[in-house]
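Report on the following structure.
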Amino acid sequence: MNYLLRPILAIFLVLSSVAASADSDLIGQWQLRVEGRMGIQTPILTVREADGKFSGSIGGARGQLDIETITATGNQFSFPFNMTTPRGEFNLLYSGTRDGDSLTGKVETPRGPVPFTGKRKSP
């Protein structure tokens, strides 16, 4: 029985290190391009990691908002945040895929999904 456990454990360790490496590739600054109803916005997404958890901020011409939790699994990521405007508070959810130094995805807004892309600005 023990002879079966060792190869399984080795495979698990290899796959875990590959997933952790892919997750950590999200860390850094990203120049986003969001194509919304109010035109094109170009916020900067900053992703940080501490104690195995991701957080960050997103900011642009209207200021910067903290992101408490960014979920990253492999090359997939998502994060929610609340945005306050003169029209009220809005809950937004970004979700996307990282491919090397590029991001693609959508922002779920109260008015429906809005596409976004991104390029790595700095590691």
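Pick out the one residue from Gly74, Gly60, Gly28, Gly56 that is at pLDDT 50 or above, small (Gly, Ala, Ser) and over 22 Å from Gly100 (Cα atoms). Explain how you work it out, then say what you get.
Details: Gly74 fails: over 22 Å from Gly100 (Cα atoms); Gly28 fails: over 22 Å from Gly100 (Cα atoms); Gly56 fails: over 22 Å from Gly100 (Cα atoms).
Testing whether each residue is at pLDDT 50 or above, small (Gly, Ala, Ser) and over 22 Å from Gly100 (Cα atoms) leaves just Gly60.
Select from region 43-62 the residues that are surrounded by 10 or more Cβ atoms within 10 Å (Cβ to Cβ) and more than 14 Å from Tyr94 (Cβ to Cβ) and list them in ascending order. First the steps, then the outcome.
The first filter runs over region 43-62 and keeps only residues surrounded by 10 or more Cβ atoms within 10 Å (Cβ to Cβ), leaving 43-49, 53-60, 62.
Hits for region 43-62 are Arg48, Glu49, Lys53, Arg62.
So the check is Cβ under 6 Å with 6+ separation or different chains; which pairs have a first residue in region 45-68 that's touching a residue at least 40 places away in the same chain (Cβ under 8 Å) and a second one that's buried (at least 18 other Cβ atoms within 10 Å of the Cβ)?
Hits for this filter: Leu45/Trp30; Leu45/Leu32; Leu45/Ile58.
Output yes when any residue across region 9-25 is surrounded by 10 or more Cβ atoms within 10 Å (Cβ to Cβ) and modelled with pLDDT of 70 or more, and no when none is.
yes
Which residue, of Ala72, Ala61, is under 20 Å from Ile40 (Cβ atoms) and among the hydrophobic types (A, V, I, L, M, F, W, C)?
Ala61
Search region 100-123 for residues that are part of a strand (DSSP E or B) and pair each with any residue that is among the acidic types (Asp, Glu) and surrounded by fewer than 16 Cβ atoms within 10 Å (Cβ to Cβ) when their beta-carbon atoms are under 6 Å apart and the residues are at least 6 apart or on different chains.
Within 6 Å, the pairs are Pro115/Glu35; Arg120/Asp101.
Of the residues in region 68-106, how many are among the small types (Gly, Ala, Ser), within 8 Å of the chain's Cα centre (by Cα) and over 18 Å from Gly52 (Cα atoms)?
Here is the first cut: in region 68-106, the residues among the small types (Gly, Ala, Ser) are 72, 74, 78, 88, 95-96, 100, 102, 105.
Adding the requirement that they be within 8 Å of the chain's Cα centre (by Cα) leaves 72, 78, 95-96.
Next cut, over 18 Å from Gly52 (Cα atoms) only: 95-96.
Number satisfying all stated conditions: 2.
Residues in region 43-64 that are over 14 Å from the mean Cα position of the chain (by Cα) and either closer than 17 Å to Glu108 by Cα or of a type in the set (S, T, N, Q) (or both): how many?
Number of matching residues: 1.
Looking at Pro86, Pro123, Pro113 in this structure, which one is at pLDDT 95 or above, of a type outside the set (Gly, Ala, Ser) and loosely packed, with under 14 Cβ neighbours inside 10 Å?
Of Pro86, Pro123, Pro113, the one residue that is at pLDDT 95 or above, of a type outside the set (Gly, Ala, Ser) and loosely packed, with under 14 Cβ neighbours inside 10 Å is Pro113.
Provide a single number: the residues in region 28-42 that are surrounded by 14 or more Cβ atoms within 10 Å (Cβ to Cβ) and under 16 Å from Glu108 (Cβ atoms).
Looking only at region 28-42, we keep the residues that are surrounded by 14 or more Cβ atoms within 10 Å (Cβ to Cβ), and these are 28-34, 41.
Within this subset, residues satisfying the condition of being under 16 Å from Glu108 (Cβ atoms) are 32, 34, 41.
Counting residues in region 28-42 that are surrounded by 14 or more Cβ atoms within 10 Å (Cβ to Cβ) and under 16 Å from Glu108 (Cβ atoms) gives 3.
The values are calculated or read from the model by the stated rules, or taken from the named source; none is laboratory data. Treat the numbers as computed from the prediction; the structure is a model and nothing was measured. Cβ atoms come from the backbone with ideal geometry, glycine included; neighbour counts cover every protein chain shown.
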